[in-house]
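Chemist: Pasting a structure below so you can have a look.
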Amino acid sequence: MKNLILIAPPAAGKGTISSYLVENMGYQHISTGDILRNVAKEDSQRGRLVNSLMKEGKFIGDDIILPLFKEELLKLHNTPFILDGIPRTIEQADYLTQLFHELNVDNYVVINLKINQDTLLKRATGRRVCEQCKEIYNIYFENYKPKEENICDQCGGKLIQRNDDTEETFKKRFQTYVENTEPLISYYEKLGKLKKVDVDATEEEIIENVKGCLND
Ligand SMILES: [Zn+2]
């Protein structure tokens, strides 16, 4: 099984793919968010530093993130991994390439999840959350629609739209995503590591395609 780096826009289904690989294929999911949250609990100098940066919502630099990533990779031995949330920049990609070289990790693939912008927009702006039990719905997709408009199927609670699930926020986020990832995509294309998976498909088809990339 190849190690995996996932590059995907928000709401493209990265979470679903990662959970499948972790639960069914023995992958370890490594995300920047989890690493930082764990370090923030440590009773150490760096733990306190990360904790205060996170509390203040401040930017956490590569000088902190990259060594933590290396530690995490060293703990894995031969377990295949999925990297989530890194690399976001060419500097991070370069660091990873060097690190993989150092650790003799050559069997990896970078999967770019491709999705139509209109589908993504519907996923974001159609999302409704139950005020009480937090169940998530989507008014634009048959399988995710509540049975009764604005009412939770599970508990009868009221469904609300989060403030940041608006078209404007989505468009800003998507634009930032495109600007940030285009250089990364060509970087991995040049290294011969890039594969594309279309996620305008059923969950089964997506999983099959991802598996295909991890096997060959
Ligand atoms: Zn509910």
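The values are calculated or read from the model by the stated rules, or taken from the named source; none is laboratory data. Computed from a predicted structure; not experimentally measured. Every residue, glycine among them, receives a Cβ derived from its backbone with ideal geometry; neighbour counts consider all protein chains shown. In case anyone asks, the SASA skips ligands and DNA or RNA and just uses the protein heavy atoms, side chains included. Shrake-Rupley method; radii C 1.70, N 1.55, O 1.52, S 1.80 Å.
Chemist: Evaluate E = 1/(1 + (r/R0)^6) for residue 60 and residue 172, where r is the Cβ-Cβ distance and R0 equals 25 Å; express this FRET efficiency to the nearest 0.05.
Modeler: Plugging the Cβ-Cβ distance into 1/(1 + (r/R0)^6) gives 0.70.
Chemist: Long-range amide H contacts for residue 151: which residues qualify at under 5 Å (H placed 1.01 Å from N, peptide plane, sequence gap of 5 or more or a different chain)?
Modeler: Long-range HN contacts for residue 151: 159.
Chemist: Quantify, in whole percent, the carbon and sulfur part of the accessible surface of the chain (1.4 Å probe; protein heavy atoms only).
Modeler: Heavy-atom surface of the chain belonging to carbon and sulfur, 1.4 Å probe: 47 percent.
Chemist: In addition: For segment 106-152, what is the charge dipole size about the Cα centre, in debye to the nearest 20, if Lys and Arg each add +1 at the Cβ and Asp and Glu each add -1 at the Cβ?
Modeler: 80
Chemist: Related question: Which order do the peptides 133-139, 92-98 take when ranked by the mean count of other beta-carbon atoms within 10 Å per residue, highest first?
Modeler: Sorting 133-139, 92-98 by mean packing, highest first, produces 92-98, 133-139.
Chemist: Based on alpha-carbon centroids, what's the gap between segment 132-187 and segment 42-90 in Å, whole number please?
Modeler: 27
Chemist: Related question: Output the pairs from 70/193; 14/70; 70/196; 114/172; 41/70; 171/211 with a Cα-Cα distance over 24 Å in this structure; if there are none, say none.
Modeler: Over 24 Å apart, Cα to Cα: 70/196; 171/211.
Chemist: Determine ³J(HN,Hα), in whole Hz, for all residues of segment 90-96 in sequence, where each value follows from phi through the Karplus function 6.51 cos²θ - 1.76 cosθ + 1.60 and θ = phi - 60°; x replaces Gly and Pro.
Modeler: Per-residue couplings from phi come out as 5, 4, 5, 5, 4, 4, 5 Hz.
Chemist: Please state the charge dipole magnitude for the chain, taken about the Cα centre, from unit charges on C-beta atoms (+1 on K and R, -1 on D and E), reported in debye and rounded to the nearest 20.
Modeler: 360
Chemist: Out of residues 5 or more away from residue 138 or on other chains, whose amide H comes under 5 Å of its own, with H placed 1.01 Å from N in the peptide plane?
Modeler: Under 5 Å from the amide H of residue 138 lie the amide H atoms of 128, 144, 145, each far enough along the sequence or on another chain.
Chemist: Excluding residue 102 itself, calculate the net charge of residues whose Cβ lies under 15 Å from the Cβ of residue 102, where each Lys or Arg counts +1 and each Asp or Glu counts -1.
Modeler: That sum, taken over residues with Cβ under 15 Å, equals -3.
Chemist: Ignoring everything but the protein chains, give the 1.4 Å probe accessible area of residue 208 in square angstrom, nearest 10.
Modeler: Around 110 Å² of this residue is reachable by solvent.
Chemist: Stokes-Einstein diffusion coefficient for segment 1-112 at 25 °C in a medium of 0.890 mPa s, Rh from the Kirkwood formula over Cα pairs: what value in µm²/s?
Modeler: This corresponds to a translational diffusion coefficient of 165 µm²/s.
Chemist: Between rounded, prolate and oblate, where does segment 162-216 land on the alpha carbon gyration tensor, with a ≥ b ≥ c its root eigenvalues, rounded for a/c under 1.5, else prolate if a/b exceeds b/c?
Modeler: Oblate, because a/c is 1.5 or more while a/b does not exceed b/c.
Chemist: Quote the FRET efficiency, to the nearest 0.05, computed for residue 161 versus residue 116 with a Förster distance R0 of 25 Å and r equal to the Cβ-Cβ distance.
Modeler: For R0 = 25 Å, the calculated efficiency reads 0.70.
Chemist: Oh, and also: Charges on Cβ only, +1 for Lys and Arg, -1 for Asp and Glu, centred on the Cα centroid of the chain; of 53, 139, 178, which one is farthest towards the dipole's positive end?
Modeler: Farthest towards the positive end: 53.
Chemist: How large is ³J(HN,Hα) for each residue in segment 8-22, as worked out from phi by the Karplus curve 6.51 cos²θ - 1.76 cosθ + 1.60 (θ = phi - 60°), to whole Hz, x for Gly and Pro?
Modeler: Listing the rounded values in order: 8, x, x, 6, 8, x, 4, x, 5, 5, 4, 4, 4, 5, 5 Hz.
Chemist: Where q = 0.17 Å⁻¹, what log10 of I(q)/I(0) comes from the Debye formula for the chain, counting one point per Cα?
Modeler: Each listed q maps to, in turn, -1.34.
Chemist: Hey, what's the chain come to in accessible area per residue, 1.4 Å probe, Å²?
Modeler: Value for the chain: 59 Å² per residue.
Chemist: For segment 1-102, what is the charge dipole size about the Cα centre, in debye to the nearest 20, if Lys and Arg each add +1 at the Cβ and Asp and Glu each add -1 at the Cβ?
Modeler: For this selection, approximately 220 debye.
Chemist: Another question, then. Spin-label point model (7 Å from Cα, Cβ direction): what's the residue 53 to residue 208 distance in nm?
Modeler: Inter-label distance under the simple model: 4.4 nm.
Chemist: What are the extents of the Cα atoms of segment 104-216 along their three principal axes, in Å, largest first?
Modeler: The Cα atoms of segment 104-216 stretch 53, 30, 26 Å along their principal axes.
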